[in-house]
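Report on the following structure.
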Amino acid sequence: MQKVKLPKRLDPVKSANKRSDYRGVILASDMPRLLGMVAGVASEIDVDVKFAKDEQGLTYFQGRMACSTSLRCERCNEVFEHPMDVSFCFSPVQGSEEEVEDELPDVYEPVEVDDHGEINLFQCLEDELILSLPIVALHAEEDCKQKRDKMSFGKIEPADERPNPFAVLKELKRD
């Protein structure tokens, strides 16, 4: 199957009614926030998205994304490859009404639609990729150039023992 570029904005309800199924790519250059958080990203991000309605009549879209990113190791400051494979499942909601979000089943993540009932698909998927990044980027210990025995962490000096300012009140209580 040929890889195609996905639409940036779309109406999830109309797509669910048509049971649309998108398989394509998003260019890494279309995700500037992700590019700012990593050392590099493969030029294309593979995406599969399926729009449907569940038994309750709720519109949802689910799928997966896969790409290869380069992260900078926090220990040795070297760049290493980090493959990402992210699954997602969203349900569109109108506005940021907490009542609507509370009624959604836990399997769906709410995504807000604009005044025209559309979503920015690239932005939703970029958010998911950013959330899937590791909190602290580290090599595996055996691959890292900074070995455990060469790391120094320093010594913590003991805190000054200051008298308790409320000790005087304790003396007053005894009387």
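The values are calculated or read from the model by the stated rules, or taken from the named source; none is laboratory data. What you see is a predicted model, and the numbers here were worked out from it, not measured in a lab. Methodologically, a virtual Cβ is constructed for each residue, glycine included, from the backbone with ideal geometry; neighbour enumeration extends over all protein chains shown.
For segment 2-48, name all the residues that are small (G, A, S) and free of Cβ contacts under 8 Å to residues at least 24 places away in the same chain. Working first, answer last.
Just the residues of segment 2-48 that are small (G, A, S), to begin with: 15-16, 20, 24, 28-29, 36, 39-40, 42-43.
Listed by number, the residues that qualify are G24, S29, G36, S43.
In segment 35-50, is there at least one residue being under 20 Å from E112 (Cα atoms), in contact with a Ser or Thr (Cβ under 7 Å, 6 or more places away or on another chain) and of a type in the set (D, E, K, R)?
no
Among the residues of segment 26-42, those that are over 16 Å from the mean Cα position of the chain (by Cα) and over 25 Å from Q62 (Cβ atoms) comprise S29, A39, G40. Suppose the filter is farther than 17 Å from P110 by Cβ and not hydrophobic (A, V, I, L, M, F, W, C); does K53 pass it? No: the conditions fail for K53.
Yes/no matrix, rows are residues, columns are (1) among the small types (G, A, S); (2) out of contact with any helix residue (DSSP H, G or I) (no Cβ under 8 Å at 6 or more places or on another chain); (3) in a strand (DSSP E or B):
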site: L34; (1), (2), (3): no, no, no
site: Q56; (1), (2), (3): no, yes, no
site: Y60; (1), (2), (3): no, no, yes
site: G63; (1), (2), (3): yes, yes, yes
site: S68; (1), (2), (3): yes, yes, yes
site: P83; (1), (2), (3): no, yes, yes
site: F90; (1), (2), (3): no, no, yes
site: P110; (1), (2), (3): no, no, yes
site: I130; (1), (2), (3): no, no, no
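Among the residues of segment 8-37, the ones that are closer than 30 Å to R72 by Cα and either exposed (fewer than 14 other Cβ atoms within 10 Å of the Cβ) or touching a Phe, Trp or Tyr at 6+ places or on another chain (Cβ under 9 Å) (or both) come to 9 in all.
Which one is surrounded by the fewest Cβ atoms within 10 Å (Cβ to Cβ), of the residues in segment 65-106 that are modelled with pLDDT of 90 or more and aliphatic (A, V, I, L, M)? So the residue we want is A66. Pairs are defined by a Cβ separation below 6 Å, a sequence spacing of at least 6 or placement on different chains, a first member in segment 69-92 that is free of Cβ contacts under 8 Å to residues at least 40 places away in the same chain and within 18 Å of I45 (Cβ to Cβ), and a second member that is basic (K, R) and in a strand (DSSP E or B); the pairs so defined are S87/R64.
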